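The values are calculated or read from the model by the stated rules, or taken from the named source; none is laboratory data. Since the model is a prediction, treat every value here as computed from it, not as a measurement. Positions of Cβ are backbone-derived with ideal geometry, glycine not excepted, and every protein chain shown enters the neighbour counts.
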Amino acid sequence: MRGERVSAHLPMEAEVVERVQESPTIFTLRLRFTDPTQHAAYRFVPGQFNMLYLYGVGEIPISIVSDPEDETVIDHAIRVVGRVTRGFKELKAGDRIGIRGPYGSGWPLRQAERQDVLVVTGGLGCAPVVSVINFIMRRRARFGRLTIMQGVKHADDLIWRARYEAWAKLPNTTVLIAADVGAPLWPWHIGRVTELFDSIELDPLRTVAMLCGPEVMMDIAARQLTGRGVPEAGIWLSLERSMHCAVGLCGHCQIGGQFVCKDGPIFHYGAIRPLFGTRGL
Amino acid sequence: MKGADVLWLSRQDIGSLFAALSSAGYRCIGPQVRDGTIVYDTLENADGLPRGVTSTQAPGEYRVTIGNSPRTFSWANGPQALKPFTFSPRETLWRAERGDDAAIRFIETATDPELLALIAVRACDLAALLLQDQHFLDGQYPDPHYAARRRSLFVVAVHCSAPAATCFCASTGDGPRAQSDFDLALSELDEGFLVEAGSARGVTVLKQLPTRPASTAERDLAAHELKQAAAQQRRLPGKNLRDALFANLEHPRWEQVAGRCLACGNCTAVCPSCFCHAEVEVPRLDAAASEHVREWDSCFTQLHSYIHGLTVRSDRRARYRQWVTHKLGSWHDQYGRSGCVGCGRCITWCPVGIDITEEAAAICGESA
């Protein structure tokens, strides 16, 4: 009979190692499984997510931002948006939560080796690709030109600003940032991130593009890229949907025939393109 | 139906089926009239079967009538499918406990269901059971709660000779004859039942019943009634509407049906294949423990597509479109066939009588 294995629903206990406030509404939760054996056995790839459980309140999906080879902690960048995240904001070192995962697909980092990488993000949802940028920076020689295009609503929303400034100074690396609303001494573009495509150098046949942010932004970005000659096979994107189970059973995360939790959250553009641009799918 | 394997059980001996199943350790679950509908619940013997009961169904209408026929399975399905027996409407998946220290303990809730014999399962519901098996058991993370309940079922199917006007199982290819995955299958005639076994367990039970080989006349009459039952008026405009539906995501009919739809979720509650569920947290008042509970959900609710600050499907048009494009369309991508088994419940139990076959035909046109 099918279905003999132990439930994939059951969280494991994790301890908060540190909580780092990144902006007024965004913080990083650094976690460690309380069972050292579980911690040592845990493996993930950038782009995957965990279900994090706040005692007595519930579970939410959060992408992993730490490096897969970091054996000390598992980091999650979290924005305060609801009941669970408001509770997480109050956690201190030593507090316990539940964690299960990792779930979903990762970014195509193997395919991107020896290629140029273009990272395009918008809104505040940059966390899933920051893990990719960090991953590439630590293994810089394996990748070609790195272009980072980040859009934010307001200049104040840009977290990890020092990191972007440091990246911008590195060879073979371009950082372009756009804010819908600027601020005094804002050195970057004011407007949409998708307005920056004309100003980037692009070798379309050796570019792997990774997009993350609002679907309208990704739709426009993907069409600009295909317009510049980047083949569909070179474009990947991260989708966000409601998730309760993370294992393809609860049905909330569906878009067309895809379950975002298990078929994604990182999708090949071709798998999503027919559904892009239709509101409410 | 291979003649040699089909046996005859006379009407006065139907009680022996209940006795054999009970002595094999099963609680018998059978059809019975309650609150003006046919439901499945515990039935200790054959006396409680709905003798002479028929049902009249139309979009938004359902009536049970009790007549003089000796037959006990002359009704078409009521609102309740088999779903609650395998996919529980509400169950605790796990429990978290916290003592005085910071530590949290996670305790899995074991599902240890009793053995159930489901009696008078229709072909549509049997097909839906297989769809739910695919969803809950065949993926990377098979569901142990569903698996435990599914394992404890003994299925006695009834080849359906009494479809309602809302039924369209013939057009989906799922009925009216139960095709496989039953332990026993019955065909009902006035004087008794033709019985066939579909599994080794079924053979064991069948051997205990006072049967004789069915006569050619009995087999011919049962086949004739089944053929008549297949002559249904309602039909879907094709078995695979995936491409036609996704080519028509902006069809004006979606807006038109949204004007009638109440987004009540009745269709998803009575649908035997709908699998969506929410996971909710129920903490104890003293906060010493918290239950993580799974309960049925519906894609017609506002929260179904809610992500922080945004409801992806914010209106009835998007929600009805999601339900139909999933059920008849993207289900093909996920499970290799349509998610509709033609039971017609969503038509009968829609308070405003929206008919999925009519909407599908309007949206897909005759091209499908």
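What are the residues in the range A:17-57 that are small (Gly, Ala, Ser) and either modelled with pLDDT of 95 or more or in contact with a Leu (Cβ under 9 Å, 6 or more places away or on another chain) (or both), if any?
A:23, A:47, A:56
Say we look at the range A:23-57 and pick out the residues that are among the aromatic types (Phe, Trp, Tyr) and more than 13 Å from residue A:127 (Cα to Cα); which of these is nearest to the other protein chains (Cβ to nearest Cβ)?
Checked the range A:23-57; the qualifying residue nearest to the other protein chains (Cβ to nearest Cβ) is A:55.
Of all the residues that make up the range B:289-343, how many are in a helix (DSSP H, G or I) and facing chain A (nearest Cβ under 10 Å)?
Of the residues in that region, 17 qualify.
List the number of the failed condition for residue A:144; all other conditions in (1) outside any loop (DSSP other than H, G, I, E, B); (2) modelled with pLDDT of 90 or more; (3) touching a strand residue (DSSP E or B) at 6+ places or on another chain (Cβ under 7 Å) hold.
(1)
Checking the condition in a loop (DSSP other than H, G, I, E, B) and of a type in the set (Lys, Arg), which residue from A:32, A:114, A:100 passes?
Within the list A:32, A:114, A:100, the selection yields A:114.
Any chance the range A:236-243 includes a residue that's more than 13 Å from chain B (Cβ to nearest Cβ), buried (at least 20 other Cβ atoms within 10 Å of the Cβ), closer than 22 Å to residue A:123 by Cβ and free of Cβ contacts under 8 Å to residues at least 60 places away in the same chain?
Checked the range A:236-243: at least one residue is more than 13 Å from chain B (Cβ to nearest Cβ), buried (at least 20 other Cβ atoms within 10 Å of the Cβ), closer than 22 Å to residue A:123 by Cβ and free of Cβ contacts under 8 Å to residues at least 60 places away in the same chain.
Considering the range A:58-90 alone, what residues qualify as being in a loop (DSSP other than H, G, I, E, B), within 14 Å of chain B (Cβ to nearest Cβ) and either buried (at least 17 other Cβ atoms within 10 Å of the Cβ) or modelled with pLDDT under 95 (or both)?
A:80, A:81, A:82
Does residue B:80 count as closer than 27 Å to residue B:298 by Cβ, of a type outside the set (D, E, K, R) and more than 9 Å from chain A (Cβ to nearest Cβ)?
yes
To keep it simple, each residue is scored yes or no on (1) of a type in the set (Gly, Ala, Ser); (2) under 26 Å from residue B:291 (Cα atoms); (3) outside the structural domain of residue A:245 (by TED's automatic domain parsing).
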| site | (1), (2), (3) |
| --- | --- |
| A:82 | yes, yes, yes |
| A:87 | yes, yes, yes |
| A:90 | no, yes, yes |
| A:93 | yes, yes, yes |
| A:97 | no, yes, yes |
| A:110 | no, no, yes |
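So, residue B:108, is that one surrounded by fewer than 18 Cβ atoms within 10 Å (Cβ to Cβ), in contact (Cβ under 8 Å) with a residue 60 or more places away in the chain and in contact with a Ser or Thr (Cβ under 8 Å, 6 or more places away or on another chain) or not?
Spelling it out, it is not the case that residue B:108 is surrounded by fewer than 18 Cβ atoms within 10 Å (Cβ to Cβ), in contact (Cβ under 8 Å) with a residue 60 or more places away in the chain and in contact with a Ser or Thr (Cβ under 8 Å, 6 or more places away or on another chain).
So in the range B:325-353, with the set limited to residues that are crowded, with 21+ Cβ neighbours inside 10 Å and among the aliphatic types (A, V, I, L, M), which one is farthest from residue B:260 (Cα to Cα)?
Top of the filtered list is B:341.
Name the residues in the range B:273-288 that are facing another protein chain (nearest Cβ under 8 Å) and in a strand (DSSP E or B), would you?
Within the range B:273-288, B:277, B:278, B:279, B:280, B:281, B:283 qualify.
Is it fair to say residue B:277 is modelled with pLDDT of 95 or more and buried (at least 19 other Cβ atoms within 10 Å of the Cβ)?
Yes, satisfied.
Counting only residues that are polar (S, T, N, Q), give me the strands (runs of 3 or more DSSP E) lying completely in the range B:42-154 with at least 2 of them.
Of the strands (runs of 3 or more DSSP E) lying wholly inside the range B:42-154, those with at least 2 residues that are polar (S, T, N, Q) span B:53-58.
Residues checked against (1) closer than 30 Å to residue B:252 by Cβ; (2) aromatic (Phe, Trp, Tyr); (3) assigned to a loop (DSSP other than H, G, I, E, B):
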site: A:223; (1), (2), (3): yes, no, no
site: A:230; (1), (2), (3): no, no, yes
site: A:240; (1), (2), (3): yes, no, yes
site: A:270; (1), (2), (3): yes, no, no
site: A:274; (1), (2), (3): yes, no, no
site: A:278; (1), (2), (3): yes, no, yes
site: A:281; (1), (2), (3): yes, no, yes
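Can you confirm whether the range B:114-127 contains a residue that is surrounded by fewer than 18 Cβ atoms within 10 Å (Cβ to Cβ) and more than 11 Å from chain A (Cβ to nearest Cβ)?
yes
Quickly run through the range B:99-113 and pick out the residues that are over 25 Å from residue A:8 (Cβ atoms) and more than 10 Å from chain A (Cβ to nearest Cβ).
B:99, B:100
One line per residue, one yes/no per condition, for (1) more than 24 Å from the chain's Cα centre (by Cα); (2) more than 14 Å from residue B:10 (Cα to Cα); (3) at pLDDT 95 or above:
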site: B:203; (1), (2), (3): yes, yes, yes
site: B:209; (1), (2), (3): yes, no, yes
site: B:213; (1), (2), (3): yes, no, yes
site: B:221; (1), (2), (3): yes, yes, yes
site: B:227; (1), (2), (3): no, yes, yes
site: B:233; (1), (2), (3): no, yes, no
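Determine whether the range A:201-213 contains at least one residue that is within 22 Å of the chain's Cα centre (by Cα), without any contact (Cβ under 8 Å) to a residue 40 or more places away in the chain, assigned by TED's automatic domain parsing to the domain that holds residue A:236 and over 22 Å from residue A:143 (Cα atoms).
Looking through the range A:201-213, none of the residues is within 22 Å of the chain's Cα centre (by Cα), without any contact (Cβ under 8 Å) to a residue 40 or more places away in the chain, assigned by TED's automatic domain parsing to the domain that holds residue A:236 and over 22 Å from residue A:143 (Cα atoms).
Report, by residue number, each residue of the range B:250-272 that is within 11 Å of chain A (Cβ to nearest Cβ) and either under 24 Å from residue A:248 (Cβ atoms) or hydroxyl-bearing (Ser, Thr, Tyr) (or both).
B:268, the sole residue that qualifies.
State yes or no: is residue B:70 under 15 Å from the mean Cα position of the chain (by Cα) and at pLDDT 95 or above?
Answer is no for this residue.
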